Amino acid sequence: MPNAIVRNIPNAITSCNLFCGCVASYMAFRGDYDSALLFIVLGAVFDFFDGMTARLLHVSSPIGKELDSLADDITFGLAPAAIAFSLFKETRCPEFLQPLSDILPYAAFLIAVFSALRLAKFNLDTRQTSSFIGMPTPANALFWGSLAAGAHDFLVSPAFNALYLLILVTVMSLLLVAELPMFSLKFKDLSWGHNKTSYIFLIVSVPLLLAFRLGGFAAVIVWYIILSLLTRKKN
């Protein structure tokens, strides 16, 4: 039986994810979107390795599963909500929404609420072993972090306003819990036939990342949604 230190290595990695989420949220409230994106990405790295480590060490536990969901809702729920909240504060509010301008930013926290609902649903949904039903929370968080860091000048320009941001918050929140099949990047092997969708996704993603730089993650997530819609009958 693994000793106490070995048993808690995955939980320590998950806690690093949680720490990154807290820092990302703070940076987002400060309007430091580059740093918020950085800590979201770091959180995603820790999130990837905690489960892998638990499987390698054969130390999966119920407390690890609960801690993982908590950490994910902070890093991939609260942090993107904080980003959207700060963007609402900066974005021009159209005249007809002026009476709601003080309370409109709080709509951003729908992202955190729907992320929690998505995580709870994922824990109980046995259909999501090889693919996803609805938008994965890390993808949603990367979208918001990348959008704020890479397209900030556009978001605060006269061409954009708080109504568009509200629509975006609503759409992305609903995608988290939508009954929409979305493919996973898990490769069964390296063959084209078994992984055609994943290869197409990666081939198109590379030029998007190169072209849009910090905003590239947001473009990639949009591409992920579009490709999932186009291939949903095959998943």
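Got a sec? Which of LEU70, LEU78 is assigned to a helix (DSSP H, G or I) and more than 11 Å from the chain's Cα centre (by Cα)? So that I can check it myself, show each step before the final result.
On the way: LEU78 fails: more than 11 Å from the chain's Cα centre (by Cα).
Selected residue: LEU70, the only one of LEU70, LEU78 that is assigned to a helix (DSSP H, G or I) and more than 11 Å from the chain's Cα centre (by Cα).
Only one of LEU155, LEU163 is among the aliphatic types (A, V, I, L, M), touching a residue at least 12 places away in the same chain (Cβ under 8 Å) and surrounded by fewer than 18 Cβ atoms within 10 Å (Cβ to Cβ); which? Full working, then the answer.
On the way: LEU155 fails: surrounded by fewer than 18 Cβ atoms within 10 Å (Cβ to Cβ).
Testing whether each residue is among the aliphatic types (A, V, I, L, M), touching a residue at least 12 places away in the same chain (Cβ under 8 Å) and surrounded by fewer than 18 Cβ atoms within 10 Å (Cβ to Cβ) leaves just LEU163.
Mind checking which residues of segment 113-138 are of a type outside the set (A, V, I, L, M), more than 17 Å from ASP68 (Cβ to Cβ) and either without any contact (Cβ under 8 Å) to a residue 12 or more places away in the chain or not in a helix (DSSP H, G or I) (or both)?
Those that are of a type outside the set (A, V, I, L, M), more than 17 Å from ASP68 (Cβ to Cβ) and either without any contact (Cβ under 8 Å) to a residue 12 or more places away in the chain or not in a helix (DSSP H, G or I) (or both): THR126, ARG127, SER130, SER131, GLY134.
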Practice task
Given the conditions (1) in contact with a Ser or Thr (Cβ under 8 Å, 6 or more places away or on another chain); (2) buried (at least 17 other Cβ atoms within 10 Å of the Cβ); (3) not small (Gly, Ala, Ser), report the number of the one that PHE201 does not fulfil.
Solution key: (1)
Exercise for the section: Mind listing whichever residues of segment 41-96 are closer than 12 Å to ASN11 by Cβ, of a type in the set (A, V, I, L, M, F, W, C) and open to solvent by less than 20 Å² (accessible area, probe 1.4 Å)? Expected result: ALA54, VAL59, ALA71
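Given the criterion in contact with a helix residue (DSSP H, G or I) (Cβ under 6 Å, 6 or more places away or on another chain) and surrounded by fewer than 22 Cβ atoms within 10 Å (Cβ to Cβ), identify the matching residue among LEU38, LEU117. Write out each step before concluding.
Values: LEU38 fails: in contact with a helix residue (DSSP H, G or I) (Cβ under 6 Å, 6 or more places away or on another chain).
Of LEU38, LEU117, the one residue that is in contact with a helix residue (DSSP H, G or I) (Cβ under 6 Å, 6 or more places away or on another chain) and surrounded by fewer than 22 Cβ atoms within 10 Å (Cβ to Cβ) is LEU117.
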Exercise for the section: Starting from segment 90-112, take each residue that is under 28 Å from GLY134 (Cβ atoms) and list its partners that are open to solvent by 90 Å² or more (accessible area, probe 1.4 Å) and not acidic (Asp, Glu), counting only C-beta distances under 7 angstrom and pairs at least six apart or across chains. Expected result: PRO105/LYS89
Practice task
Quickly run through segment 120-144 and pick out the residues that are open to solvent by less than 10 Å² (accessible area, probe 1.4 Å), of a type in the set (Gly, Ala, Ser) and touching a Phe, Trp or Tyr at 6+ places or on another chain (Cβ under 6 Å).
Solution key: ALA141
Completion exercise
Scanning segment 182-229 for residues that are over 23 Å from TRP144 (Cα atoms) and at pLDDT 85 or above, the one farthest from the chain's Cα centre (by Cα) turns out to be LYS196
Problem - The lone exception for VAL59 - which of (1) in a loop (DSSP other than H, G, I, E, B); (2) touching a residue at least 60 places away in the same chain (Cβ under 8 Å) it fails - result: (2)
Completion exercise
The condition of being open to solvent by 20 Å² or more (accessible area, probe 1.4 Å), touching a residue at least 12 places away in the same chain (Cβ under 8 Å) and assigned to a helix (DSSP H, G or I) holds, among LEU209, LEU147, only for LEU147
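Among the listed residues ILE103, ILE111, identify the single one that is closer than 26 Å to ILE74 by Cβ and over 21 Å from the mean Cα position of the chain (by Cα). Write out each step before concluding.
Values: ILE111 fails: over 21 Å from the mean Cα position of the chain (by Cα).
Of ILE103, ILE111, the one residue that is closer than 26 Å to ILE74 by Cβ and over 21 Å from the mean Cα position of the chain (by Cα) is ILE103.
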Exercise for the section: Being within 18 Å of ILE225 (Cβ to Cβ) and either open to solvent by less than 90 Å² (accessible area, probe 1.4 Å) or in contact with a helix residue (DSSP H, G or I) (Cβ under 6 Å, 6 or more places away or on another chain) (or both) is the filter here, so list the residues in segment 175-198 that pass it. Expected result: LEU175, LEU176, VAL177, ALA178, LEU180, PRO181, MET182, PHE183, SER184, LEU185, THR197, SER198
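The values are calculated or read from the model by the stated rules, or taken from the named source; none is laboratory data. Given the structure is predicted, the values throughout are model-derived calculations rather than measurements. As a convention, Cβ positions derive from the backbone with ideal geometry for all residues, glycine included, and neighbour counts pool all protein chains shown. Accessible surface areas use protein heavy atoms only, side chains included; no ligands, DNA or RNA. Shrake-Rupley method; radii C 1.70, N 1.55, O 1.52, S 1.80 Å.
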